[in-house]
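Below: the structure, in structure tokens.
The values are calculated or read from the model by the stated rules, or taken from the named source; none is laboratory data. The shown structure was predicted, so the numbers you read here are calculated from the model rather than taken from an experiment. Glycine also receives a Cβ, built like all others from the backbone with ideal geometry; neighbour counts cover every protein chain displayed. What goes into the accessible areas is simple: the full protein's heavy atoms, side chains included, and nothing from ligands, DNA or RNA. Shrake-Rupley method; radii C 1.70, N 1.55, O 1.52, S 1.80 Å.
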Amino acid sequence: MPPILDIRGLRKSYDDGFEALKGVDLQIERGEILALLGPNGAGKTTLISTICGITMPSAGTVTAEGHDTVADYRAARSLIGLVPQEINLEPFEKVIKTVQFSRGLFGKPADPAHIEKVLRQLSLWDKKDSQIRALSGGMKRRVLIAKALAHEPRILFLDEPTAGVDVELRKDMWEIVAGLKADGVTIILTTHYIEEAEAIADRIGVIAKGELLLVEEKSALMARMGQKQLEVQLTEPLDAIPEALQSDKLSLSPDGSALIYTYDTRGERTGITQLLSKVAAEGLVLRDVVTRQSSLEDIFVGLVHEDAA
Amino acid sequence: MNWTAVKSIYIFEMTRFFRTIAQSIISPVLSTSLYFVVFGAAIGSRIDEVEGVSYGAFIVPGLIMLSVITQSISNASFGIYFPKFIGTIFELLSAPINFLEIVLGYVGAAATKALFIGTIILITAFFFVDISIAHPVAMVAFLILTCISFALMGFIIGIWAGNFEQLQLVPLLIVTPLVFLGGSFYSISMLPPVWQVISMFNPVVYLISGFRWAFFDTADVPILTSLLAIGAFTAICLGLIWWIFKTGWRIRE
Ligand SMILES: Nc1ncnc2c1ncn2[C@@H]1O[C@H](COP(=O)(O)OP(=O)(O)OP(=O)(O)O)[C@@H](O)[C@H]1O
Ligand SMILES: [Mg+2]
């Protein structure tokens, strides 16, 4: 099946001449969750705005289910919902009215049952008659999501949905996203939190300075670049690594209380058995053994730095 | 055409209006009453009839025009400026709607509000002076056309404005003087000849003259000229709006 969203050679230069997107190619599969990571000013919001019709592309094309977002904007935009990064809402409007308004704007006939479902899903039903200004920041963000879902989009853009949201609400948000995915909605979200991408995305894209540096299955990405560390904690600190243990994979923690062994999980042999038997042969006494997986964060920081270098 | 969207925008805007209905009505009624007291009763008692109409009645069409024009402009300019200001415009831009639908929704609502207020002022006027309307159909048509054309102009101002000062600037510096010098309170024929000529360059003169004709069957300029003038003005506004949407000027980068 062709991708639900097909972005080809997308460029965007702002009026001041600044090129915020330098030729982005990206195919988004039906039903997936794609997380876009990138530092401030990378072009994440610009990419979303250009797809959704808030800014015009300078070059390149985007199609949603085969509909060009410029030439055939009615069909394309009907499929897309957008939750913007900024909380843009009319302060004096009632929650339910603004959600109904969004549905009407997209040309869909009124459907109280659907509106109720969306508001309940987002725990906003008991706030439906409140004025927006009387809501907390987290609730306002959920109102934005409700507005985006009011017209039953097949593709949903979430621009930093969890910025400034507390841990509990962030978990709620992840559940909402998972629920939408279960309903078959394709989701593209941007985030600065790597653990967020790690927790909910199927694929991860990294964008910096207007260029997409990589897009990959999360698991493949982590396996490809992920390395594990084994920390062997000792009862007696060492001054140096014993001769018999010397290896470029092994290092000593700064205070000498632990040996740190780096290995690749996908290698034929990890070398752990050998290491541990050598440690025993040296007569070292173990206090504890800990393993650590390098996170996406390490990968991400590595990539963005490589790019800057 | 996405009529559902047009209707949604229209209803949304009208709800805003009805939320503050009391102040929407009180202020024009109050200011009109003051005009009647000051110009109609105090000064008017010292002025003879103008073109065969008592002065109090003579100023009614001008007063209605004054309010309708300012209301159309401020409603429409604020209506589209506000979403730009608070950022909710993103929703209009990402919705499957075109410029025509946006204009119909916003301009339609702004014109309706102005029409509503114009009607209220007319009703208020009946309490102060005796008026009869010579050409009722033409009167209503003029009123509606004025509401629409100035709401179009207000829409352009709202798109153009980059801040609240600019939003007030055009109405204050251009529209108010044009309306006051457009014969709201006098007949153009009462002016010295030089000013009569200058007045012919003021588009509002044609409007007020035509509107007054609908009331009293007397006019400063031929009624057809009035119709042409308002038609031309509407066409210019429509052309400008078409260009704005075509280029995305001040809306879509
Ligand atoms: N309207 C504009 N005019 C000119 N330059 C702009 C405009 N909007 C964004 N930019 C520039 O484009 C670049 C990308 O901005 P964008 O908002 O897309 O970044 P982002 O990845 O969303 O960042 P953040 O994580 O901070 O939200 C930035 O350098 C920004 O200054
Ligand atoms: Mg952004």
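Given the condition assigned to a helix (DSSP H, G or I), within 22 Å of A:L79 (Cα to Cα) and within 16 Å of ligand 2 (Cβ to nearest atom), answer yes or no: does some residue in segment A:161-170 qualify?
Within segment A:161-170, the first condition is being assigned to a helix (DSSP H, G or I), and the residues that meet it are A:167-170.
Pick out the ones that are also within 22 Å of A:L79 (Cα to Cα) and you get none.
Looking for residues that are assigned to a helix (DSSP H, G or I), within 22 Å of A:L79 (Cα to Cα) and within 16 Å of ligand 2 (Cβ to nearest atom), one finds none in segment A:161-170, hence no.
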Q) Within the set of pairs 6+ apart or on separate chains, which have a first residue in segment B:169-191 that is closer than 22 Å to B:F215 by Cβ, a second that is open to solvent by 60 Å² or more (accessible area, probe 1.4 Å) and modelled with pLDDT under 85, and C-beta atoms under 6 Å apart? A) B:S187/B:E51
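If the requirement is being in a helix (DSSP H, G or I), at pLDDT 85 or above, more than 14 Å from every other protein chain (Cβ to nearest Cβ) and on the phi < 0 side of the Ramachandran plot, which of these qualifies: B:I26, B:I9? Step through it out loud before you land on a result.
Values: B:I9 fails: more than 14 Å from every other protein chain (Cβ to nearest Cβ).
Going through B:I26, B:I9 in turn, just one is in a helix (DSSP H, G or I), at pLDDT 85 or above, more than 14 Å from every other protein chain (Cβ to nearest Cβ) and on the phi < 0 side of the Ramachandran plot: B:I26.
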Q | Those residues of segment A:92-115 which are of a type in the set (D, E, K, R) and open to solvent by less than 60 Å² (accessible area, probe 1.4 Å), in sequence order | A | A:E93, A:R103, A:D111
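With respect to A:G17, is the statement that it is within 14 Å of chain B (Cβ to nearest Cβ), out of contact with any Pro (no Cβ under 9 Å at 6 or more places or on another chain) and open to solvent by 50 Å² or more (accessible area, probe 1.4 Å) true?
Working: within 14 Å of chain B (Cβ to nearest Cβ): yes; out of contact with any Pro (no Cβ under 9 Å at 6 or more places or on another chain): yes; open to solvent by 50 Å² or more (accessible area, probe 1.4 Å): yes.
Judged against the criteria, A:G17 is a match.
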Q) A:G179 fails exactly one of the following numbered conditions: (1) small (G, A, S); (2) away from ligand 2 (no atom under 16 Å from the Cβ); (3) within 27 Å of the chain's Cα centre (by Cα); (4) part of a loop (DSSP other than H, G, I, E, B). What is the number of that condition? A) (4)
Q | Scope segment A:160-194; condition open to solvent by 50 Å² or more (accessible area, probe 1.4 Å) and away from ligand 1 (no atom under 16 Å from the Cβ); matching residues | A | A:D166, A:V167, A:E168, A:K171, A:D172, A:E175, A:A178, A:K181, A:A182, A:D183
Q. Which ones in segment B:208-234 are among the hydrophobic types (A, V, I, L, M, F, W, C), in a helix (DSSP H, G or I) and either touching a helix residue (DSSP H, G or I) at 6+ places or on another chain (Cβ under 6 Å) or open to solvent by less than 10 Å² (accessible area, probe 1.4 Å) (or both)?
A. B:I208, B:F211, B:W213, B:A214, B:F215, B:I223, B:A229, B:I230, B:F233
Q | Residue that is nearest to ligand 2 (Cβ to nearest atom), among those in segment A:42-62 that are over 15 Å from A:D25 (Cα atoms) and more than 16 Å from the chain's Cα centre (by Cα) | A | A:S49
Q) Filter segment A:54-113 for residues that are touching a residue at least 60 places away in the same chain (Cβ under 8 Å), of a type in the set (A, V, I, L, M, F, W, C) and away from ligand 1 (no atom under 16 Å from the Cβ); which is farthest from A:R142 (Cα to Cα)? A) A:A64
Q) Where residues in segment A:51-66 are hydroxyl-bearing (S, T, Y) and within 11 Å of chain B (Cβ to nearest Cβ), which of them is nearest to A:L156 (Cα to Cα)? A) A:T55
Q.
When you check A:I7 against the structure, is it modelled with pLDDT of 95 or more, within 14 Å of chain B (Cβ to nearest Cβ) and more than 11 Å from ligand 1 (Cβ to nearest atom), yes or no?
A. no
Q. Any idea which of A:L37, A:L89 is open to solvent by less than 40 Å² (accessible area, probe 1.4 Å) and under 19 Å from A:L189 (Cα atoms)?
A. A:L37
(Q) Given the criteria in the same structural domain as A:K218 (by TED's automatic domain parsing), within 16 Å of ligand 1 (Cβ to nearest atom) and at pLDDT 95 or above, does A:L47 qualify? (A) yes
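Return the only residue of A:A201, A:A197 being among the small types (G, A, S), within 16 Å of ligand 1 (Cβ to nearest atom) and either open to solvent by 30 Å² or more (accessible area, probe 1.4 Å) or under 9 Å from the mean Cα position of the chain (by Cα) (or both). Let's see the steps before the verdict.
Numbers: A:A201 fails: within 16 Å of ligand 1 (Cβ to nearest atom).
Testing whether each residue is among the small types (G, A, S), within 16 Å of ligand 1 (Cβ to nearest atom) and either open to solvent by 30 Å² or more (accessible area, probe 1.4 Å) or under 9 Å from the mean Cα position of the chain (by Cα) (or both) leaves just A:A197.
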